[in-house]
Every structure is written in C-alpha cells, then in structure tokens.
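The values are calculated or read from the model by the stated rules, or taken from the named source; none is laboratory data. Worth saying up front: this structure is predicted, and the values here are computed from it rather than measured. Please note: Cβ atoms are built from the backbone with ideal geometry, for glycine as well, and neighbour counts cover all protein chains shown.
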Amino acid sequence: MKKILLILSIFLFSSGVKAQKFAYVDSQFILNNIPEYKEAQKELDNLSYQWQEDIETAYQNIDKLYRAYQTDKVLLTDKMRQAREDEIIQKEKEVKDLQQKRFGAEGDLYKKQEELIRPIQNLIYNTIQEYAKEARYGVIFDKSSDLLMLYADDNLDKSEKILDRLGYNY
C-alpha cells in the first residue's frame with residue numbers, strides 16, 4: 001500500500017511541476033544478458049554447492065558418532081558417556097558455526113556475492129543514471145523489482161538501450 005501511495009505521490013508531484021518522462025528497465029533481463037554476471041552466478045552456485053556438501057558430510061559424521069555412542073552407551077562409564085556426549089555437542093556446534101560462517105547474513109557467500117555481483121550491478125546502475133540524464137527521463141522504474149507495474153508500454157522499456165551502452169548486443 002505504501003508503494004502505491006509513493007507512486008501516486010510521485011506522479012502527482014511531477015505532473016504539478018512539469019511534464020516528466022518515464023521509462024522502465026528490466027534489471028534481471030539486463031543481468032541475464034551479461035556474460036560476466038552468468039559466470040559470477042555460476043561461481044557462486046559452485047561455491048554454495050561445495051560448502052553445502054561439506055556441511056552435509058560433517059552432519060553425517062556427527063550422525064555416525066551419535067549412532068556409535070548409542071550402541072556403546074550401556075558399556076560406558078558415566079565419565080566416558082559425558083565425554084562422548086560433550087564431543088558430539090561440540091561437533092554439532094562447530095558445524096552450525098561453519099554453516100553460519102558460510103551462509104549467514106554476513107557470511108562468506110554474501111561476501112563473495114558482493115565481490116562478484118556488486119560491481120556489475122553498480123555498472124548497470126551508473127549506466128541507467130547516465131542514460132536517464134542524457135534522455136531527460138524524470139523517473140526510470142525497474143520492472144523486475146518489488147515495484148508493482150499494472151501496465152507497461154513496451155516502448156518505454158529501455159533495457160536493450162542499457163545493454164547497448166554497456167557494450168552487450170542483445
């Protein structure tokens with residue numbers, strides 16, 4: 001609801017000042033047509049897959065330790081039982097920490113994504129800004145974002161022009 005009010009206020013404000021030109025781009029379309037983005041995404045997918053495999057293997061090892069503990073439990077002294085339980089708990093904590101380190105909000109995957117994807121996104125953003133200034137657009141929307149577009153005239157889609165400016169032929 002807030003987005004609709006924001007859009008309406010932009011339209012009302014801009015129509016009162018002077019006629020504004022509007023356009024939109026599809027940033028996902030642009031990204032999908034940039035080979036460096038596809039390579040970066042593939043690298044991120046491979047890293048994610050490998051890290052997930054490592055974590056699953058660690059959990060399988062913990063499961064083996066737990067099953068061995070369950071089998072041996074009746075033969076162990078209280079001290080030995082406590083030591084094995086502590087070992088299993090410690091290993092679970094280590095794997096959870098590793099999982100957080102790899103996939104957490106500020107984890108390795110996020111950092112790698114920032115390293116590989118952010119420069120491409122910044123290049124696109126800067127190119128859109130330059131294009132908007134040169135073509136005198138008051139507002140350029142992103143079709144692939146959360147912004148709700150009830151109707152979009154294909155003539156207003158400037159995604160291909162942005163790709164051309166970036167040096168990629170669609």
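Numbers at a glance
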item: Filter result (at pLDDT 85 or above and in contact with a Lys or Arg (Cβ under 8 Å, 6 or more places away or on another chain)) within the range 138-158; result: Ile140, Asp157
item: Test result for Leu75, modelled with pLDDT under 95, out of contact with any strand residue (DSSP E or B) (no Cβ under 9 Å at 6 or more places or on another chain) and over 30 Å from Ile30 (Cα atoms); result: yes
item: Matching residues, the range 105-141, being more than 21 Å from the chain's Cα centre (by Cα) and of a type in the set (A, V, I, L, M, F, W, C); result: Ala132, Ala135, Val139, Ile140
item: Residue list for the range 30-40, filter: crowded, with 17+ Cβ neighbours inside 10 Å and either among the basic types (Lys, Arg) or assigned to a helix (DSSP H, G or I) (or both); result: Ile30, Leu31, Tyr37, Ala40
item: Selection from the range 39-57 of residues that are polar (S, T, N, Q) and under 16 Å from Glu114 (Cβ atoms); result: Gln41, Ser48
item: Test result for Lys111, surrounded by 14 or more Cβ atoms within 10 Å (Cβ to Cβ) and among the basic types (Lys, Arg); result: no
item: Residue tally, condition modelled with pLDDT under 85 and in a helix (DSSP H, G or I), over the range 9-29; result: 9
item: Elements of type helices (runs of 4 or more DSSP H) contained in the range 74-170, each with 1 or more residues being more than 25 Å from Tyr37 (Cβ to Cβ); result: 78-103
item: Any hit, the range 96-119, residues being touching a residue at least 24 places away in the same chain (Cβ under 8 Å) and farther than 30 Å from Glu56 by Cα; result: no
item: Matching residues in the range 109-138 - criterion: being in contact with a Ser or Thr (Cβ under 7 Å, 6 or more places away or on another chain) and of a type in the set (A, V, I, L, M); result: Leu109, Ile124
item: Within the range 75-93, considering residues that are surrounded by 12 or more Cβ atoms within 10 Å (Cβ to Cβ) and closer than 23 Å to Gln52 by Cβ, the one farthest from the chain's Cα centre (by Cα); result: Ile88
item: Scope the range 59-74; condition more than 29 Å from the chain's Cα centre (by Cα) and either within 29 Å of Leu47 (Cβ to Cβ) or touching a residue at least 12 places away in the same chain (Cβ under 8 Å) (or both); matching residues; result: Asn61, Ile62, Asp63, Lys64, Leu65, Tyr66, Tyr69, Asp72
